[in-house]
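The values are calculated or read from the model by the stated rules, or taken from the named source; none is laboratory data. These numbers were taken from a predicted model, which means no experiment stands behind them. Backbone-built Cβ (ideal geometry, glycine too); neighbour counts: all protein chains shown. Remember, those area values only see protein heavy atoms, side chains included, never the ligands or the DNA or RNA. Shrake-Rupley method; radii C 1.70, N 1.55, O 1.52, S 1.80 Å.
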Amino acid sequence: MKLLQVAAEIFPLVKTGGLADVMGALPQALAAEGHEVRLVLPGLPAIADAVRHQQTVCRLGPMFGAGRVDLLLGRMPFSDLPVYVIDAPFLYRRSGGPYQASDGIEWPDNAQRFGLLGWVAAHLAGGELDPEWVPELLQAHDWHAAMACAYLVANPAIDVATVFTVHNLAFQGLFAAADFHLLGLPGRLMHATGLEFHQQLSFMKAGLKFADHVTTVSPTYAREIATPDHGFGLHGVIQSRVSSVSGILNGVDGEVWNPATDPALHRRYSATELDGKADNKRMLQRQLELAERDDAMLIAVVSRLSSQKGLDLLLDALPAILGRGAQLVVQGTGDPGLEAAFRNVAAVHSGQVAVRIGYDEAWAHAMIGAADAVLVPSRFEPCGLTQLYGLRYGSLPIVRRVGGLADTVVDADDAALAADRATGFSFDHPTPGALDEAVWRAQQLYAQPQRWRQVMVRAMAKNFSWQEAALHYGELYQRVVAIRRGRGAAR
Ligand code: ADP
Ligand code: GLC
C-alpha cells in the first residue's frame, strides 16, 4: 500500500522522545513488509541539512506567515526512504528545539508551523503537490501532524484513508482560539464538535475527531484514554469513537538497540556471553565515581524529567532504597525542580548516586548496558521504550503497571517465577511505598544470582519487534481502506 507518514521528529536527526525512535523505525519496518512508504517532515535544520538528493517538487509561495514555502523530495540518510521536506526557512530554520526555543518557551507561531505540516500532508494526499505519487493512506503522528485530518475534512474531494496515532495525549497542541483564522480552515470546524476545546483550538482533536481510525502505542493505553483518569479531558471524544480506537505496541529497533553490536558499550554482550555486562557495570561505576561493587544492584533512569515519569516518587523512596545498598544512575532533563532535586541527591549520596542532567544518546546506551535494572515509575505511559531497551539489554525493568509498561513487563511474583514467565518487576499504586516495595523485591532476587540470571536471560529473549508491529499496522490499514471504500460505494 502507498503510505504517507507524517511527523515532526525522527531519529537520529531530531529527537525529543520516543516519537522519534518510532519514526526512525516504523516506516522502515512497513517498507520491509512491502508497503511503499514516504515521509513528510518539517524542514527543521537537522532534517533539511541531512536529507540527500533533494529536488524541488513544487513551489507554494508565501503561506502560513512564511515568505516562501517549497516542497522538496529527497532520501532519508540511513534508511534511504523517500521523504518530502517542507522548506519554509522562516518557520523552521531556527536554532533551538522542534517545539520550543532553547529557553524552553514554546515557539509563538507553532499553530502556523504545524498547521503547515498538516496542510502539506493533506494536499500531498490530494495529488495536487506531487501528482506522480498519491498515497492511499495517510498516518499522522501526535498533535504536530494531526491537522492533516482537519484539512482533509475541509477538502472532501480528497479521497485518502487516515490513521491518527496518539503517542501522548498529554501534549495536545492547544492554541488561542484567535489562531484559528491563521489556518485557512472553514469556520464551521471551530466548534465543540470539531477543533474547539474549552474555548481553545486543539490540534489533537483534529486527529481524534476526523481520522478514520485512531491508534495508540499500546493496547492498555488505548483503553485508559477512554477514562477520566487518563483522558486529559478528551475521554468523552475517545469514548464516542471507541470502535475506531485501538492499540498497537511499539517495537525495538534492533539495529540501534542491540547489546551484541552497540558501539556505545564498553563491552558488547549477549544472553550467552554475559561477562561483558558485568564489565560495563564496573566501567560505569568508575566513570561516574560510584563505589566499584558488583553486589550493589545498579538502577538506571534515562528519562525526561516530568511529572508523567513519576520520578518524584523515586526521590521520596530513595532513602530506603539506598539504605539497602542499591546504586542509582540518572540521566535526564526537563523540570528544573526535578533537575535540582536529583543534583542534590547526587551531591548528598556521592559514591552511591550519580546524575547527569542533559541529553546524550551514547550515555543512555552505556547506562542501560551497564545497569542491573531500569526504573520507569510513570504515572501514565502510552508505551514506554526504555523498559523495552532494558529487557533487551538484560537490565530488568522495574515499572509501574500502567499503559505500555503493563503490556510489556511480567512481574516476578511467586507465580510468574514458578512458571518461568517473569521478566521484571511491577507495582500498582503511584506511591513511594509501592515503588520501594517493587525495588525491594528486585533487590531480594538480585541477591540470588542464579535466579536473577534466569530472569535476565528470559527478558533478553523477549522480542518486541517492529516487524510484528508493522504486520498489525498493515492489517489495520487494509481494514480502514476497505471501510472507506465501502462507505464511498454506499454514497
Ligand atoms: P517519552 O517519549 O515519553 O519520553 P519513551 O520511553 O517512549 O518516553 O522514549 C524516550 C526515548 O528518549 C528513549 O529512546 C530514551 O532512551 C530517550 N531519552 C530520554 N531521556 C534521555 C536523555 N536524557 N538522554 C538520552 N536519551 C534520552
Ligand atoms: C510518547 C510516550 C511514550 C511512547 C512514545 C513513542 O512520547 O510518552 O510512552 O513510548 O511516545 O510512542
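Modelled spin labels at Ala461 and Ser243, positioned 7 Å past Cα toward Cβ, are 4.2 nm from each other.
Relative to the dominant Cα principal axis of the chain, helix 466-490 is inclined by about 30°. Relative to one another, the C-alpha centroids of the range 238-285 and the range 85-130 are positioned 31 Å apart. Rounded to the nearest Å, what's the spacing between the alpha carbon centres of the range 428-491 and the range 144-163? Just the number, please. Here the two parts' Cα centres lie 30 Å apart. The Arg282 and Met1 beta-carbon pair, evaluated with R₀ = 56 Å, returns a calculated FRET efficiency of approximately 0.70. Computed per residue of the chain from DSSP H runs no shorter than four, each worth -39500 (n - 2.57), the mean residue ellipticity at 222 nm is -11500 deg cm²/dmol.
Estimated at 0.36 nm per residue, the fully extended path between Glu128 and Gln454 surpasses their Cα-Cα distance by 111.6 nm.
The value of relative contact order for the range 171-300, using C-alpha pairs under 8 Å at least six residues apart, is 14 percent.
Using the Cβ of Phe464 as centre and a radius below 14 Å, the other residues enclosed give a net charge of -1, where K and R count +1 and D and E count -1.
Here the chain has 51 percent of its accessible surface on carbon and sulfur atoms, given a 1.4 Å probe and all protein chains in place.
Across the chain, the relative contact order, built from alpha-carbon pairs under 8 Å that are at least six residues apart, equals 12 percent.
Applying both filters, DSSP loop and at most 11 other Cβ atoms within 10 Å, to the GluC sites (Glu not before Pro) of the range 59-140 gives Glu132. Considering only Gly74, Val57, His123, and ranking their Cα positions along the charge dipole of the range 55-127 that arises from unit charges at the beta-carbon of Lys, Arg, Asp and Glu, the one farthest toward the positive end is Val57. Within the chain, DSSP assigns beta bridges of which about 30% are antiparallel (rounded to the nearest 5).
Our analysis of the chain gives Rg over Rh at 0.98, with the two radii drawn from alpha carbon positions and Rh computed by the Kirkwood formula.
Separation of the range 174-218 and the range 373-417, taken as the distance between their Cα centroids, equals 34 angstrom. Modelled label positions at Ser270 and Arg52, each set 7 Å beyond Cα in the direction of Cβ, lie 2.9 nm from each other. The relative contact order of the range 275-464 comes to 21 percent, based on Cα pairs under 8 Å that sit 6 or more residues apart.
Phi-derived couplings, Karplus 6.51 cos²θ - 1.76 cosθ + 1.60 at θ = phi - 60°, listed residue by residue for the range 328-335: 9, 10, 10, 10, x, 8, x, 3 Hz, with x used for Gly and Pro.
Farthest towards the positive end of the charge dipole of the chain, among the residues Asn155, Gly334, Leu375, is the Cα of Asn155, using unit charges on the Cβ of Lys, Arg, Asp and Glu. For the range 89-239, the antiparallel share of DSSP beta bridges with both residues in that region comes to about 40%.
Let a ≥ b ≥ c be the square roots of the eigenvalues of the Cα gyration tensor of the range 423-491; is it rounded (a/c under 1.5), or, if not, prolate (a/b larger than b/c) or oblate? Oblate, since a/c reaches 1.5 and b/c is not below a/b.
Overall, the anisotropy analysis places the range 311-392 in the rounded class: the square-rooted eigenvalues a ≥ b ≥ c of its C-alpha gyration tensor yield a/c less than 1.5.
When the square roots of the Cα gyration tensor eigenvalues are ordered a ≥ b ≥ c, the ratio a/c for the range 275-464 is under 1.5, which makes its shape rounded. Go ahead and run the numbers for FRET between Gln100 and Asp360, Cβ-Cβ distance against an R0 of 25 Å, rounding to 0.05. Efficiency computed from Cβ-Cβ geometry: 0.85. Per residue, the solvent-accessible area of the chain (1.4 Å probe, heavy atoms of protein chains only, all protein chains present) comes to 39 Å². Helix 432-446 sits at what angle to the longest principal axis of the chain, using alpha carbons and giving 0 to 90 degrees rounded to 10? Between the helix axis and the principal axis of the chain, the angle is about 60 degrees.
The range 263-326: which GluC sites (Glu not before Pro) are DSSP loop and have at most 16 other beta-carbon atoms within 10 angstrom? Loop-located and lightly packed - Glu289, Glu292.
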